Amino acid sequence: MNEFLGVKVSQLSSGEKDRINIIRALLYESPILFLDEPGAHMDHELFGTFLSILSDYLERVQPLTLIISHSDKFSDIVDRNYICENWLLITQK
């Protein structure tokens, strides 16, 4: 996080902006957490770190959480996993 101190928002990449927004959301510890494509701009290594941090956070804070993602990598850290196709619910895991 320190690498972003003093940097203008206009100079940040979309991935860096996403990371800052996720960090801000987790620091707030809200009882409700909405994440829309949270790993979209992360490389494989960073995404793995993020999943570990998010998993620990969800276990500790236990917020009501909605994660919208094209990735199935969140399946291991959520209680319910709904799969939609063409706006229709096709399965629940």
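Remarks
- Any hit, segment 7-17, residues being touching a residue at least 24 places away in the same chain (Cβ under 8 Å) and within 10 Å of the chain's Cα centre (by Cα): no
- Residues considered: Lys8, Lys73, Lys17. Of these, the only one that is among the basic types (Lys, Arg) and closer than 24 Å to Lys93 by Cβ is Lys73.
- Residues of segment 15-44 that turn out to be out of contact with any helix residue (DSSP H, G or I) (no Cβ under 8 Å at 6 or more places or on another chain), at pLDDT 90 or above and acidic (Asp, Glu), as a count: 2
- Hits in segment 67-87 - residues which are acidic (Asp, Glu) and within 24 Å of Asp43 (Cα to Cα): Asp72, Asp76
- The residues of segment 65-75 that are under 12 Å from Ser55 (Cβ atoms) and either free of Cβ contacts under 8 Å to residues at least 12 places away in the same chain or among the aliphatic types (A, V, I, L, M) (or both) amount to a single one, Ile67.
The values are calculated or read from the model by the stated rules, or taken from the named source; none is laboratory data. Computed from a predicted model, the values in this text were never measured in an experiment. Note: ideal-geometry Cβ built from the backbone for every residue, glycine included; neighbour counts use all protein chains shown.
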